[in-house]
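Quick notes on the structure that follows.
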Amino acid sequence: MRKWMRTLTITGAAVAVSAIFLTTTTYGRSLQFVAGGALVNLGYRMQDHLTSYDFAAEHAHDITPEEIWEELVLQNAKAAGVRRKFPRTARHPLVALVACMDARIDTNELTGDTRKYYYVLRTAGSVLDDKEAEMLELCVENGVKLIVLTTHTECAAEATAANKELHARYPALVKAVFDRDLRVQQLLSRPAIAERIARGELAVKRMNIDTMTEELRPVGGEGQVGEQASDK
Ligand SMILES: [Zn+2]
C-alpha cells in the first residue's frame, strides 16, 4: 500500500513539474507550439495517402458535380461538429498573408501555426485587385503589422501568362499576372499603408514559396514570370 502511494506521489509530482515546465517556461511553451504543429502535421500525413477518400478515386471518372458537392457537405458537417466541441479562441492577427489559390499550398503548414493567427488572402496568381488592397488596408487598421505577399513555384497562373498560345483564352488571368508588380506598388502607395511603413509600424515583404516544401524564399529565383511585363 505504501509503495503504491509512493508511486502515485512520484507520478503526481512528475506530472505537476511537467505541467509547470510546459506552461511557465519559454522552452515549455516552445515545445508545446512545435509539438502542436507536429501533431497537426501527423493528421495531414495520415490523410495524405488515403486515396480511397479522394472524390475521383472513390467514384472513378463518372462522379458528377452534384455528387462531389454532397460529399463536400458531408465532410464539412463532420469537421464543423468537431469544431463545435472545441471552439476557437478569438485572435487578433498581426500578419496578413497573400497567397495563390493553388491547393498544394497550405497556409497552416507554411507558418507551422494552426491557430489561424493570420489573415489569409488567396487569389489566382497571388494578384491583388482593388478589393484585396482595400481588405489589406482594413487588416492594417485592425492591427496587422506585417503583410507578406507571396508567389510560388510551379504556379499555373504564371505558366499560363508565360504561354502565348493561352493568352487569347485567358486574357484576364494573363493580364492579372503581368500587372502583379503594378498592383503591389499601388498597395504600397495607399496613404494609410505608406504612412505606417514610413513610421516603422508596418512591414511588407515579398517572398516566393517553394510549392513542394512550402519554404519561403526571397523573390527573384527561377520561375518568376511576368514580374515586370505589364507592357507585354
Ligand atoms: Zn499559383
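Assess whether residue 80 counts as being under 20 Å from the mean Cα position of the chain (by Cα), in a helix (DSSP H, G or I) and under 21 Å from residue 40 (Cβ atoms).
On the way: under 20 Å from the mean Cα position of the chain (by Cα): yes; in a helix (DSSP H, G or I): yes; under 21 Å from residue 40 (Cβ atoms): yes.
So residue 80 passes the test.
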Check your understanding: Regarding residue 137, is this residue more than 16 Å from the chain's Cα centre (by Cα) and at pLDDT 90 or above?
Key -> yes
Revision key, fill the gap. The number of residues in region 130-182 that are more than 19 Å from residue 208 (Cα to Cα), assigned to a loop (DSSP other than H, G, I, E, B) and among the hydrophobic types (A, V, I, L, M, F, W, C) is 2
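Could you say which residue among 91, 84, 115 is surrounded by 13 or more Cβ atoms within 10 Å (Cβ to Cβ) and either of a type outside the set (Ser, Thr, Tyr) or under 17 Å from residue 211 (Cα atoms) (or both)?
Details: 91 fails: surrounded by 13 or more Cβ atoms within 10 Å (Cβ to Cβ); 84 fails: surrounded by 13 or more Cβ atoms within 10 Å (Cβ to Cβ).
None of the other options fit; the residue is 115.
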Exercise for review: Output the residues belonging to region 105-129 that are within 16 Å of the ligand (Cβ to nearest atom) and assigned to a loop (DSSP other than H, G, I, E, B).
Suggested key: 105, 106, 127, 128, 129
Exercise for review: State the number of residues belonging to region 131-158 that are closer than 22 Å to residue 179 by Cα, more than 16 Å from the ligand (Cβ to nearest atom) and either in contact (Cβ under 8 Å) with a residue 12 or more places away in the chain or in contact with a Lys or Arg (Cβ under 9 Å, 6 or more places away or on another chain) (or both).
Suggested key: 6
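Yes or no, residue by residue, for (1) closer than 28 Å to residue 171 by Cβ; (2) in contact with a strand residue (DSSP E or B) (Cβ under 9 Å, 6 or more places away or on another chain):
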| site | (1), (2) |
| --- | --- |
| 68 | no, no |
| 71 | no, no |
| 74 | no, no |
| 83 | no, no |
| 87 | no, no |
| 107 | no, yes |
| 123 | yes, yes |
| 130 | yes, no |
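The values are calculated or read from the model by the stated rules, or taken from the named source; none is laboratory data. As the structure is a prediction and not an experimental result, all values here were calculated from the model. Please note: Cβ atoms are built from the backbone with ideal geometry, for glycine as well, and neighbour counts cover all protein chains shown.
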